[in-house]
Amino acid sequence: MNNSIFFNTNNPDLITKKIYLFGNGDIAAKTISKIRFKFKILGIFDNKKTLWGIKTKDGLSILSPNFIKKIKKNSFHIIITTSSYNDVSKQLKSFGLKPNKDFSVTYLLQDQSTIDEIQNYECKLSFTSGTFKKNKKNAGGGIYNLTLNKNNWKIEKKVSGSCYSIIENNNHYYFTHSEKGLVKSNKSFKILKVFNLNSSLRAHGISYSKKYKSFFVACANADKILMINENLTKITNEFSISNKKNEDEISRHHCNDCFVKDDSLFVSVFSVSGNYKYDAYDGGIIEIDLNTGEKISVVKDNLIMPHNVMLINDKFHVLDSLKGNLLTNNFSIQGTFPGFSRGLDFDGKYYFIGQSRNRQFSKHRNIMNNVSSDTGIIIFDNVNKVSRFLNLDNEISEVHQILIHK
């Protein structure tokens, strides 16, 4: 619900209005105690016929809503004081009254409104899972569609196999698949083109640059990012995280996600120093100059297993995955979640954050007092600091990336 519909005690236009409440009960009594010294309340409307004509302990008469039709328009304002505020709002609109101008909702119901909104939200999204391939209908690695209809959500597997990242570009989907490489599909996930990449590279995150007309694919096992032309015909450049060799085929940095802005490539890594193989999780975000291929700086350090570096509304966002933190606004913690947080998107109102059933929960235990063993997607209201959890079958096990269908 828009915040403007809540009763504003500082609105000078309401001082001269006759104030009525709609809905008798505890919420009405608490509202009266808050505003009675500033506003004169003339009565309480209620849909319950057995209450009509009764006076409350505050000396206010309980009235039939039909009485509203007899009051001179623009002379009164109604404050809804019932948890059924949506139904009452519709009822008042049917009388020709306008929200905010003729009626509002007591601010005592603002918390409930916030919860009601997130619980009744509707959207569609896709998410990837990089776990092992399973032949079960909705289990194992792949790409899944999730349709959320208020308190119900439906999941449908669209692609099978270990899939890590998915982006939308030019009305098509592009995703990384462990067996195929970089894949282009239509919106129904019919495969249109495949750029083969060796599975040993472990292709993870994808970013697209309109300026360079290219896709950038972070290869976790190779400590490098491949630049592939938009027609998916050839690799045009490679960007290594460092000069450290990985002759034993073990990554030193474990780069997983990337994002391109102008001439800079931003990469999330498990180890900035390149000592990941020695259990040194000095993770961070590295910036690379696309013109020279040189590392410009470490944009952010002190992260443990970070993922999903991106710019949203021109602000850096990243998930400090093992700590379960969403970072933005100068990398400050916006929310903390109880599992391995990986997979991020924003639809303009809510953040959608993936939670994986982490096999390394003992690492969690050193920094968190409660580690969730569930797999799912968290819808997070960063303004009000409220979230809800959409649980997934634990046989899906991992969430890597989330893509909201706009």
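The values are calculated or read from the model by the stated rules, or taken from the named source; none is laboratory data. Bear in mind that the values here come from a model prediction, so they are computed numbers and not experimental data. All Cβ positions, glycine included, derive from the backbone under ideal geometry; neighbour counts span all protein chains shown. Note: areas computed on protein heavy atoms with side chains; ligands, DNA, RNA excluded. Shrake-Rupley method; radii C 1.70, N 1.55, O 1.52, S 1.80 Å.
I'd like to know if region 222-235 contains one or more residues that are surrounded by fewer than 16 Cβ atoms within 10 Å (Cβ to Cβ) and closer than 26 Å to Phe331 by Cα. The answer is no, given that none of the residues of region 222-235 is surrounded by fewer than 16 Cβ atoms within 10 Å (Cβ to Cβ) and closer than 26 Å to Phe331 by Cα. Checked across region 132-141, the condition of being under 29 Å from Val383 (Cα atoms) and touching a residue at least 60 places away in the same chain (Cβ under 8 Å) holds for no residue. Just wondering, is there one or more residues in region 126-134 that are of a type in the set (A, V, I, L, M, F, W, C) and out of contact with any Gly (no Cβ under 7 Å at 6 or more places or on another chain)? Taking every residue of region 126-134 in turn, none turns out to be of a type in the set (A, V, I, L, M, F, W, C) and out of contact with any Gly (no Cβ under 7 Å at 6 or more places or on another chain). Residue check: Trp153 meets all listed conditions (1) open to solvent by less than 70 Å² (accessible area, probe 1.4 Å); (2) within 16 Å of Gly354 (Cα to Cα) but one, namely (1). Filtered by the rule that a residue be at pLDDT below 95 and of a type in the set (Ser, Thr, Tyr), region 106-155 gives Tyr107, Ser113, Thr114, Thr131. Taken over region 99-123, the criterion of being charged (D, E, K, R) and open to solvent by 50 Å² or more (accessible area, probe 1.4 Å) is satisfied by Lys101, Asp111, Glu117, Glu122. Ile250 meets the conditions (1) open to solvent by less than 30 Å² (accessible area, probe 1.4 Å); (2) of a type in the set (A, V, I, L, M, F, W, C); (3) without any contact (Cβ under 8 Å) to a residue 40 or more places away in the chain in every case but one. The failed one is (1).
Looking at Lys245, Lys193, just one residue is in a strand (DSSP E or B), basic (Lys, Arg) and either surrounded by fewer than 23 Cβ atoms within 10 Å (Cβ to Cβ) or modelled with pLDDT of 95 or more (or both), and that residue is Lys193. Among strands (runs of 3 or more DSSP E) entirely within region 289-357, having at least 1 residues that are in contact with a Lys or Arg (Cβ under 8 Å, 6 or more places away or on another chain) and open to solvent by 30 Å² or more (accessible area, probe 1.4 Å) singles out 306-312, 315-320, 332-336. The set of residues in region 271-288 being farther than 20 Å from Glu238 by Cβ and part of a loop (DSSP other than H, G, I, E, B) consists of Ser273, Asn275, Asp279, Ala280, Tyr281, Asp282. If only residues of region 275-288 that are crowded, with 21+ Cβ neighbours inside 10 Å and touching a residue at least 40 places away in the same chain (Cβ under 8 Å) are counted, the one that is nearest to Leu319 (Cα to Cα) is Ile286. Just to be sure, is Lys323 more than 29 Å from Ser387 (Cα to Cα) and among the charged types (D, E, K, R)? Judged against the criteria, Lys323 is not a match.
Restricting the first member to region 203-216 and to residues that are open to solvent by 50 Å² or more (accessible area, probe 1.4 Å), and the second to residues that are of a type in the set (A, V, I, L, M, F, W, C) and outside any strand (DSSP E or B), the beta-carbon pairs closer than 8 Å and six or more apart or on different chains are Tyr212/Leu290.
A quick yes/no check of all residues on (1) touching a strand residue (DSSP E or B) at 6+ places or on another chain (Cβ under 7 Å); (2) among the acidic types (Asp, Glu):
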position: Ile15; (1), (2): no, no
position: Thr31; (1), (2): yes, no
position: Phe45; (1), (2): yes, no
position: Asn66; (1), (2): no, no
position: Asn74; (1), (2): no, no
position: His77; (1), (2): yes, no
position: Asp87; (1), (2): no, yes
position: Lys93; (1), (2): no, no
